[in-house]
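Asks: Please see the structure below; I have some questions.
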Amino acid sequence: MTIGAVLPVKDTGDAKQRLAGFLTAAERQRLALAMAEDVLETLARVPGLSDIVVVTRDERAAALAERHGARLLTEPSNEGQSAAVERAAAALSREGADSLLQVPGDVPGASVEEIDAVLAAHDCTGADRPAVTLVPSHDRRGTNCVLCSPPDVLPFHFGHDSFGPHCAAARAQGIAPRILPLPGLGLDIDTPDDLRAFAARPVPGRTLDYLRESGIAERLLVTDAA
């Protein structure tokens, strides 16, 4: 089965607005790039993936894609995560891929073992047998990973409250979605509390290195103690 992984990355210069009260714009951009690179490095080590596609119009994110051997799909404008994944799904379908695995760029705690677990849980013999596997966010409101066969079988509804709509969209098509909660994939970094949760169970990588080198990790400890 051919599985194309899709990583959408919006303009990093405007990234992580919910962290604006805690991090500067430059810090948010560097954090977004560090997290995206961690996710790319993880995907590149998953043997079950046939392709990695980065959907972006951001030059720095495009450079990361090239550095890690991922394919670049350029967006004409920032149309949102759902539109970006739909663009990739259409491309993968045209190319004959069996499945699409979508992973966001803000889950630096995701591991190869977790991605392997998603692939193993996905019961599908090919594009002729529709299947959907979902990894919810830690609060079970968002969707932090989607594996669907064929790539364009699911209408995408990404956002802060996308998990319920994704489940409903699958069931509306007669597909019983497989739900797989996972701690690394489930923790998307959007708020200071998310950063604290990540720092509490640190995962080696560029994100952790940046948090420590920039002094952000120390600032998290100070605010915890306040």
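The values are calculated or read from the model by the stated rules, or taken from the named source; none is laboratory data. Remember, it's a predicted structure, so these values are computed and weren't measured experimentally. A quick note on method: Cβ atoms are made from the backbone with ideal geometry, for glycine too, and the neighbour counts reach across all protein chains shown. Protein only, heavy atoms only, side chains kept; ligands, DNA and RNA dropped before computing areas. Shrake-Rupley method; radii C 1.70, N 1.55, O 1.52, S 1.80 Å.
Asks: Quick check on my filter: what residues within region 1-47 are closer than 18 Å to Leu92 by Cα and among the hydroxyl-bearing types (Ser, Thr, Tyr)?
Replies: Residue satisfying the conditions is Thr2 alone.
Asks: Can you name every residue in region 54-88 that is open to solvent by less than 20 Å² (accessible area, probe 1.4 Å) and in contact with a Pro (Cβ under 9 Å, 6 or more places away or on another chain)?
Replies: Val54, Val55, Thr56, Glu75, Ala84, Val85, Ala88
Asks: Select from region 133-190 the residues that are farther than 26 Å from Asp14 by Cα, polar (S, T, N, Q) and touching a helix residue (DSSP H, G or I) at 6+ places or on another chain (Cβ under 7 Å) and list them in ascending order.
Replies: Correct list: Thr133 only.
Asks: To continue, here is another question. Go through His138, His122 for me and flag whichever is farther than 22 Å from Thr56 by Cα, modelled with pLDDT under 95 and touching a Ser or Thr at 6+ places or on another chain (Cβ under 6 Å).
Replies: None of the others qualify; the one that does is His122.
Asks: Here is a follow-up. Say whether the condition of being under 24 Å from Glu27 (Cα atoms), assigned to a helix (DSSP H, G or I), in contact (Cβ under 8 Å) with a residue 24 or more places away in the chain and in contact with a strand residue (DSSP E or B) (Cβ under 6 Å, 6 or more places away or on another chain) is met by at least one residue in region 202-225.
Replies: No, the conditions are met nowhere in region 202-225.
Asks: Next question. Could you list, in sequence order, the residues of region 34-47 that are surrounded by fewer than 16 Cβ atoms within 10 Å (Cβ to Cβ) and either assigned to a loop (DSSP other than H, G, I, E, B) or among the polar types (S, T, N, Q) (or both)?
Replies: Arg45, Pro47
Asks: Based on what the data block shows, is Phe198 touching a residue at least 40 places away in the same chain (Cβ under 8 Å) and open to solvent by less than 10 Å² (accessible area, probe 1.4 Å)?
Replies: Yes; evaluated as a whole, the condition is true for this residue.
Asks: Search region 70-92 for residues that are among the hydroxyl-bearing types (Ser, Thr, Tyr) and at pLDDT below 95 and pair each with any residue that is surrounded by 16 or more Cβ atoms within 10 Å (Cβ to Cβ) and part of a helix (DSSP H, G or I) when their beta-carbon atoms are under 8 Å apart and the residues are at least 6 apart or on different chains.
Replies: Once the first residue is among the hydroxyl-bearing types (Ser, Thr, Tyr) and at pLDDT below 95 and sits in region 70-92, its partners that are surrounded by 16 or more Cβ atoms within 10 Å (Cβ to Cβ) and part of a helix (DSSP H, G or I) give Thr74/Ala62.
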